[in-house]
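Following: one structure in C-alpha cells, then a few remarks.
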Amino acid sequence: MSIGQASLGCQEVMRECDGYTGYMALAVGVPKAEALARHVEEMIVSRRLMPGDRIATKDELRQDTGLARATVSEAVRLLQSQGRVVVRPGPGGGLFVAPTDPVVRLGQTLLAVHSEPVTVADAVAVRDSLEPLVAADAARHRSARDIADLRVLLDAMSDAVADPERFLRANWRLHERIAQIVANKVLQTIYIGLAQFIQDQALAVSHDLSPHEHAVYKQHRLHLHVDLVQAIISGDPDQAELAARAHTLDYRSGAPIAAEVD
C-alpha cells in the first residue's frame, strides 16, 4: 500500500488507521484542503517547530496524503492567509513556519489541547461563557457582507431541521461565521479554537427522540438562532448579548439531545 492510499484510508476509516505513524491521518467531515491545513498546524505544534523552521514541500505533502496538487495548493493558501506559514521557492525551499505574533501563538497553543485529556464538556463550558462576548462584539462590527452571510447560513439551518447531522454542522458554520466578525482577535482566536476542538471530537449525533419530536425541538433551537442573528444584524450589542445568553441557558437547561453541542 502506498503512503497516499493509506492516508486516504485514514480519511475514510479513521479508527483503522489510529496510531499508524507512517501516514497522515486527516480529519473527516471537513473539506480536504481545510483538513490538510489543520494537520500542518498540528504538525507545527507536535514537532515543536519554531518560526523559520522548515515544515515540508508541497510535493512532500502531496506524496504523504495522496491529495491532488490543487488541493495541497489550496491548503497552503489557507495557511498563508492565516499567517501560519511562508513559502520559499528554489532549492531548499518549501513551507516554513511564519513569524508569529502573540495572537497566532495563542491559536497554536489551543491546538495542543487536542493531545490533552480534555473533555468536550470542558470545551463547551468555556465556549458557552464566551458566546455573549462574541455576539456583542459581532453586533458592534457587522458589515453588509456579514449580514448577508449570516442570513444565508440561517437559511441553511432552517433547511436542515429534519436532518440532525446537517442541522448540527449548519449550526457550527453559523457560529464560526459570527466569530469571524469579531474585532477582538484574542476572543476570536480562543472561541474558534474551542469550536474546532468540539467539532473534531463530536463524532456523531445521538438522541432518543422520534423524528417528529426531534423536528419540534430543532424548530425551537432554530428560533433561538434567529433571535441571535437578528440581534447581531440590528447592531445592538446588549440585545445580542441577551440573545446569546438565552441560547446557552436553553442548551444547559436540559436539551434532550446530549451529543449536539450547539
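Read the figures in this text as sums done on the coordinates, not as results from a lab. Worth saying up front: this structure is predicted, and the values here are computed from it rather than measured. Neighbour counts are summed over all protein chains in view; Cβ atoms, including those assigned to glycine, are modelled from backbone coordinates with ideal geometry.
The reciprocal of the average 1/r between distinct C-alpha atoms defines the Kirkwood hydrodynamic radius, which for region 118-195 equals 13.1 Å.
Per-residue counts of other Cβ atoms within 10 Å, averaged by peptide: what ranking do you get for 163-175, 83-95, highest first?
Details: 163-175: 19.2, 83-95: 13.8.
Going by the mean number of other Cβ atoms within 10 Å, highest first, we get 163-175, 83-95.
Rg/Rh for region 33-100 (Cα atoms only, Rh after Kirkwood) is 0.92.
Model label points for ARG145 and THR119, set 7 angstrom from Cα along the Cα-to-Cβ axis, are 4.1 nm apart.
For ARG47, neighbours were defined as the other residues whose beta-carbon sits under 12 Å from its Cβ, and their charges (Lys and Arg +1, Asp and Glu -1) total -1. Within the shell of other residues whose beta carbon sits under 13 angstrom from the beta carbon of PRO31, the net charge comes to +3, with Lys and Arg scored +1 and Asp and Glu -1. In a fully extended conformation the segment linking SER73 and GLU165 would gain 30.2 nm over its present Cα-Cα distance, using 0.36 nm per residue.
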